[in-house]
Amino acid sequence: MRLLRDLSLGGAIILVGMSLGGGLYESVVMAPNYAANVPESLEHAKQFMRVTNPGNYFRVVAPLTQIAFLITLILNWRGARERRWWLFSAFVLMVAVDVITFTFHYPRNAILFTDPMNTPPATLATAATEWIYGNLVRVGLIFAAMVCGIKAAMTRRAAD
């Protein structure tokens, strides 16, 4: 049982790290290109992401991360109380990331990528800037979830 708890926690930490890496990549590499020279930059981005886009990655990694933390929380429920709270916090933070994604980022994605050539440039620039700052919030929450996962791992070792 201890091995299963360790493996589930390790998997959750790896998945949250994948989310963090993806979010940082979007903030550092992708997002600055969205906000530069709108609407042409957005039309280029739309053409570039014709086959796949970051959503294809996050629609797999985000729920897997949440599921991994939930399973890890369940497997460790009878363990140290402190560990349980770190795992619960990581799970809640990852759910919050998805809530922000669906309520804040998806509407801006629609503005930015549905028909950028027919949307006023000022509207696009505002949506792009909001998207960038909103993504920094998401990255911060994902980082906090990763810290919680690592703290749970450290607590686990101290509790055994």
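The values are calculated or read from the model by the stated rules, or taken from the named source; none is laboratory data. Model, not experiment: these values are computed from the prediction. Cβ atoms come from the backbone with ideal geometry, glycine included; neighbour counts cover every protein chain shown.
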Do you know which residues across region 41-72 are in a helix (DSSP H, G or I), farther than 24 Å from Met1 by Cα and polar (S, T, N, Q)? Ser41, Gln47, Asn56
Check whether at least one residue in region 30-41 is among the hydroxyl-bearing types (Ser, Thr, Tyr), within 24 Å of Ile111 (Cα to Cα), surrounded by 14 or more Cβ atoms within 10 Å (Cβ to Cβ) and modelled with pLDDT of 90 or more, and report yes or no. no
Confirm whether Leu87 is more than 26 Å from Val29 (Cβ to Cβ), buried (at least 21 other Cβ atoms within 10 Å of the Cβ) and either in contact with a Phe, Trp or Tyr (Cβ under 9 Å, 6 or more places away or on another chain) or at pLDDT 90 or above (or both). yes
Go through region 1-38 and report how many residues are in contact (Cβ under 8 Å) with a residue 24 or more places away in the chain, under 30 Å from Met117 (Cβ atoms), more than 13 Å from the chain's Cα centre (by Cα) and part of a helix (DSSP H, G or I). 5
Looking only at region 96-128, count every residue that is acidic (Asp, Glu) and either closer than 15 Å to Asn37 by Cβ or touching a helix residue (DSSP H, G or I) at 6+ places or on another chain (Cβ under 8 Å) (or both) and tell me the total. 1
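This table checks each residue for (1) of a type in the set (Ser, Thr, Tyr); (2) out of contact with any Ser or Thr (no Cβ under 9 Å at 6 or more places or on another chain); (3) farther than 17 Å from Glu26 by Cα.
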position	(1), (2), (3)
Val60	no, yes, no
Asn76	no, no, yes
Arg83	no, no, yes
Thr101	yes, yes, no
Thr114	yes, yes, yes
Thr119	yes, yes, yes
Thr129	yes, yes, no
Lys151	no, no, yes
Within region 86-104, how many residues turn out to be in contact with a Gly (Cβ under 6 Å, 6 or more places away or on another chain) and not small (Gly, Ala, Ser)? 1
Can you confirm whether Ala152 is farther than 23 Å from Tyr57 by Cβ, modelled with pLDDT of 90 or more and surrounded by 18 or more Cβ atoms within 10 Å (Cβ to Cβ)? yes
